[in-house]
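Quick note: the coordinates plus some simple rules give every number you see, no bench work behind them. Everything numeric here is computed off the predicted structure, so don't read it as measured data. A quick note on method: Cβ atoms are made from the backbone with ideal geometry, for glycine too, and the neighbour counts reach across all protein chains shown.
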Amino acid sequence: MGYNPRKVAKYERIYIPMTLFVTTEYRSPTELREVVAEQLRLLLEQRNYEGAKALLVPVQPVDIAEALEGLAKSTQLVAFRLLPRNKAVEVYEYCSTEVQEALIEEFQDQEILDIVNSMAPDDRASLFDELPPQVVRRILPQLTPEERQATSQLLGYQPQTAGRLMTPEYIYLKDELTVAQAADKVRELARDREVSYYLYTTDDHHKLTGVTSLRDLLLADPNQPLQAVMNRDVIYAYTDTDQEEAAQLIQRYDLNALPIVDRERVLVGVMTVDDAMDVLQQEATEDIYTMGAVSSEGDSYFQSNLVSVTRKRLPWLFILLLTNTLTILVMSNFEEILDQVVALAFFTPLLIDTGGSIGAQSSTVVIRGLSTNELKHRPPWWVIVRECVAGGILGIFLAIAVIVLVFVVMGETAIGITVGVSLLCISIVAATVGALLPFVFDYFKLDPAMMSAPFITTVVDILGIFIYLSIATVLLGLAD
């Protein structure tokens, strides 16, 4: 009797059918996956292949794929070959690129064909994107004509577009059919189609004319014309639409699938919600890497070798190194002031760190707002003014705290006021600059995430040092 780990209640008693490896503890789905992975490893080490095969029978493909990643490369292929063919295909689709490449290097030619021919066209195209070109050239000619044509069609679209991610395995119906005829057609096609919950209608030229759900079709009068049931107001994307934009359409309109058309509105494929989730995760990861001053190009960061890791991080660090030299130049212009009041140098880290943090906070919320279209209907000046005021309020509280602290600890009222006023000004400037620069980047069609926390911190550091020492010059009467 099988189970679905995704639906296991937190306190449900789970039994794994395994002699000597039975667990009767109360486990969450996450804990259960960990138990399966550990027991699989132990069974393979003991060469108990029948036990390992029995263990994997009730486990979901995605959890098996995760368990394979934790195995040594020498045992990954052994575990994979214990799976029935249909389940092996699903498991392979869920595996990471690193595991997929490792497995395919060990497969026999027939094994490769069995797996790749059975994969969904969009998953196969994604795999070919990651595999070495020589491997793809070896596999592609051996596919069945139908699968080769479907794969070549997807690979013909630009990477990171809706056309590259779509699947051609969907159900479409002629809009001239009746509901009964449409239902018969669905029964004929549904088993071989990945997308069967939305039924797309087309005219004689295969142009998209409408959509209906399987539920609406089942509830409709069989004698009704399909045109009376279908919804003509269809949300769709073009083949060259950016993948993130297409994924956001699925998210915005709560769709399970999104039809993809060419510029003539001819229906050519469907993008599914699982692909949209992968895209949104991928784009969010890229933004986080960019905001952390790490290049997001290429493979996953933790699957990269040290040379690649260095290449991802070094360019930004060189840029930050060069820009930080401006801080040294600014301070050198105020060398005499610092010589006269050495205590001013004590507060430099406090001021630049606070200003950098406030600037990074403002840039982060604005970048996220631009990424999610939350600021689509907000004028930039409104956001910038709002952050400026927020920076001022934060600065007032911080300034009061610093003035009191300096007076209590050092007994220096003048220095305390200087530091407090500087902190207030820096907070306002940092919040304003942090909100402004992402809009500037967006205006020039650059990724706002490039206005990353390290970059904005460096800009605010330079401005903060200049503001602080300039205010000190005025308030402490050190101009002469």
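Could you work out the Rg to Rh ratio of the stretch 170-286, with Rh taken as the Kirkwood radius (inverse of the mean 1/r over all Cα pairs)?
Values: Rg = 14.7 Å, Rh = 14.7 Å.
Using Cα coordinates only, the ratio equals 1.00.
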Quick one: divide the alpha-carbon radius of gyration of the stretch 71-137 by 2.2 N^0.38 Å and tell me what you get. 1.02
From the convex hull of the Cα coordinates of the stretch 247-289, what is the mean projected area in square nanometres? 3.5
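How high is the relative contact order of the stretch 170-286? Use alpha-carbon pairs under 8 Å, at least six apart in sequence, and give a whole percent. Show your work: numbers first, answer last.
On the way: 194 pairs, mean separation 27.2, N = 117.
Relative contact order, the stretch 170-286: 23 percent.
Among 32-40, 311-319, what's the highest-first ranking by average C-beta atoms within 10 angstrom per residue? Don't skip to the end; give the middle numbers.
Values: 32-40: 19.1, 311-319: 14.1.
Going from most to least packed, we get 32-40, 311-319.
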Cubic angstrom per residue, convex hull over Cα atoms of the stretch 89-209: 126
With axes computed from alpha carbons, what is the tilt in degrees of helix 413-443 against the longest principal axis of the chain, rounded to the nearest 10 within 0 to 90? 30
For VAL62 and LEU322, extending 7 Å from Cα along the Cα-Cβ vector and measuring point to point gives, in nm, a value of 4.4
Could you work out, for the stretch 378-465, what percent of all Cα-Cα pairs fall into each 5 Å distance bin, beginning at 0 Å and stopping at the bin that holds the largest distance? 3, 15, 19, 19, 17, 11, 7, 5, 3, 1, 0
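Tally Lys and Arg at +1 and Asp and Glu at -1 over the other residues with C-beta under 14 Å from the C-beta of LEU56: what net charge comes out? Intermediate results must be reported in sequence, preceding the final value.
On the way: positive: ARG33, ARG41, LYS53, ARG81, ARG85, LYS87; negative: GLU38, GLU50, ASP63, GLU66, GLU90.
Computed value for this residue: +1.
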Intensity falloff of the stretch 301-475 expressed as log10 I(q)/I(0), Debye formula with alpha-carbon point scatterers, at q = 0.11, 0.18 Å⁻¹: -0.54, -1.10
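For the chain, give the share of DSSP beta bridges that are antiparallel, in percent and rounded to the nearest 5; count only bridges with both residues there.
Details: 16 of 22 bridges.
Here the share of antiparallel DSSP bridges comes out near 75 percent.
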Kindly provide log₁₀ I(q)/I(0) values, in the same order as q = 0.11, 0.16, 0.21 Å⁻¹, from the Debye equation applied to equal alpha-carbon scatterers of the stretch 327-405. -0.46, -0.78, -1.01
If you average 1/r across every pair of different Cα atoms in the chain and take the reciprocal, what Kirkwood value do you get, in Å? 27.3
Expressed as an acute angle from 0 to 90° and rounded to the nearest 10, what is the orientation of the C-alpha long axis of helix 121-130 relative to the principal long axis of the chain? 50
Sites VAL404 and TRP382 - FRET efficiency at Förster radius 30 Å, r taken between beta-carbons, to 0.05: 0.30
Over the Cα atoms of the stretch 150-211, compute the convex hull volume and normalise it per residue, giving Å³. 100
Treat every Asp and Glu Cβ in the stretch 170-286 as -1 and every Lys and Arg Cβ as +1, leave all other atoms uncharged, and give the resulting dipole magnitude about the Cα centre to the nearest 20 debye. 540
Can you give me the angle between helix 179-189 and the longest principal axis of the chain, using Cα atoms only, in degrees from 0 to 90, rounded to the nearest 10? 90
Suppose R0 equals 41 Å. What FRET efficiency, 1/(1 + (r/R0)^6) with r the Cβ-Cβ distance, do ASN256 and GLN110 give to the nearest 0.05? 0.70
Quick calc of log₁₀ I(q)/I(0), the stretch 26-93, Debye, one scatterer on every Cα, no solvent, q values 0.16 1/Å, result -0.46
Whole number please: convex hull volume per residue, Cα atoms of the stretch 222-381, in Å³. 204
